[in-house]
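Below: one structure, written as structure tokens.
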Amino acid sequence: MPAAGAEAGGPAFSPLYQQIKVLITRSLQAGEWRPGEAIPSEVDLAARFRVSQGTVRKAIDELAAENLLVRRQGKGTFVATHSEEKIQYRFLRLMPDDGELVSAQRRFIDCRRLRAPAEVARALQIRAGDTVVQVRRVLSFHERPVILDDIWLPGQEFKGLTAERLSDYRGPMYALFEAEFGVRMIRAEEKLRAVAAEEGSAELLAVAPGHPLLSVERLSLTYGDKPVEFRRGLYNTAAHYYRNELS
């Protein structure tokens, strides 16, 4: 077994490229290469891990398919970042009926620190009563409110997050999280159901109480499947639809 296998500490039957994938992911998690930065070439990584270039390429292919890395023709392989246009909307599946999704206008209603309710604490795998940051915002498209988000973040990882910092940041919120708090959203799990708009949400979304909405509950995870965001979104799908790809 090459040194990479022993270093990875995985079972003996784990394919070698999977072991290299684990090692590269550990370097990403440790911040050896920052979002947007180039990683070493396949040749250099093959020498580092004492494996073939083909083994490294297969590991990188999987990491690129998982949106952790981005290949750029003639330039190399880079750490994916939520600042990139094609990646920043990866977790937003709502599409307009009449064309491509345009940039959203954001309005932050609230950003406060509070004790975690039991349900939020369970989702974030923290203790009930631990500090969380709660963010409430409305996303509008063509000046029409479409999404009402309630977001909870673990307070330990998001010290110093305020409504002012959220409002002043020009890029997507996940890009702010990775750039200023070192928290990168890797993947998300979602639950969807149909609900009727209550009076408060109806007012914020400019619909009548009882209007049908799509409720999207999302748990976002970082490296090691650690939950770092719990979100409930209410979507007005009168002129939009929820799009997903199955493979």
Cut-off under 5 Å, modelled amide H: who pairs with Ile109 long-range = Arg136, Arg137, Val138
query = With θ set to phi - 60° and the Karplus curve 6.51 cos²θ - 1.76 cosθ + 1.60, what are the ³J(HN,Hα) couplings of region 43-57 in order, to the nearest whole Hz, using x for Gly and Pro?
reply = 4, 5, 5, 4, 5, 4, 9, 6, 9, 6, 5, x, 5, 5, 4
key: Whole-Å distance, taken between Cα centres, linking region 119-164 and region 188-215   = 17 Å
request  = Using θ = phi - 60° and the Karplus relation 6.51 cos²θ - 1.76 cosθ + 1.60, list the HN-Hα couplings for region 200-216 in order, rounded to whole Hz, with x at every Gly or Pro.
outcome  = x, 5, 4, 5, 5, 9, 6, 10, 7, x, x, 4, x, 10, 9, 8, 10
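If you roll a 1.4 Å probe over the chain with all protein chains in place, what percent of the accessible area is carbon or sulfur?
Ligands and nucleic acids excluded, carbon and sulfur reach 48 percent.
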note = Of 120-126, 164-170, 39-45, ordering from highest average Cβ density within 10 Å down gives 120-126, 39-45, 164-170
query = Which FRET efficiency value, to the nearest 0.05, do you get for Met95 and Arg50 by plugging their Cβ-Cβ distance into 1/(1 + (r/R0)^6) with R0 = 45 Å?
reply = 0.45
message = Starting from the Kirkwood Rh over alpha-carbon pairs, what translational D in µm² s⁻¹ does region 127-200 have by Stokes-Einstein at 25 °C and 0.890 mPa s?
response = 169 µm²/s
message = Could you compute the net charge surrounding Ala128? Neighbours are other residues with a C-beta less than 14 Å from the C-beta of Ala128; K and R count +1, D and E count -1.
response = +1
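What FRET efficiency, computed as 1/(1 + (r/R0)^6) with R0 = 30 Å and r the Cβ-Cβ distance, is obtained for Glu198 and Tyr241, rounded to the nearest 0.05?
E between Glu198 and Tyr241, to the nearest 0.05, is 0.85.
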task = For the chain, build the convex hull from the C-alpha positions and give me its volume per residue in Å³.
result = 153 Å³
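The values are calculated or read from the model by the stated rules, or taken from the named source; none is laboratory data. Model, not experiment: these values are computed from the prediction. Here Cβ is always computed from backbone atoms with ideal geometry, including for glycine, and neighbour counts include all displayed protein chains. What goes into the accessible areas is simple: the full protein's heavy atoms, side chains included, and nothing from ligands, DNA or RNA. Shrake-Rupley method; radii C 1.70, N 1.55, O 1.52, S 1.80 Å.
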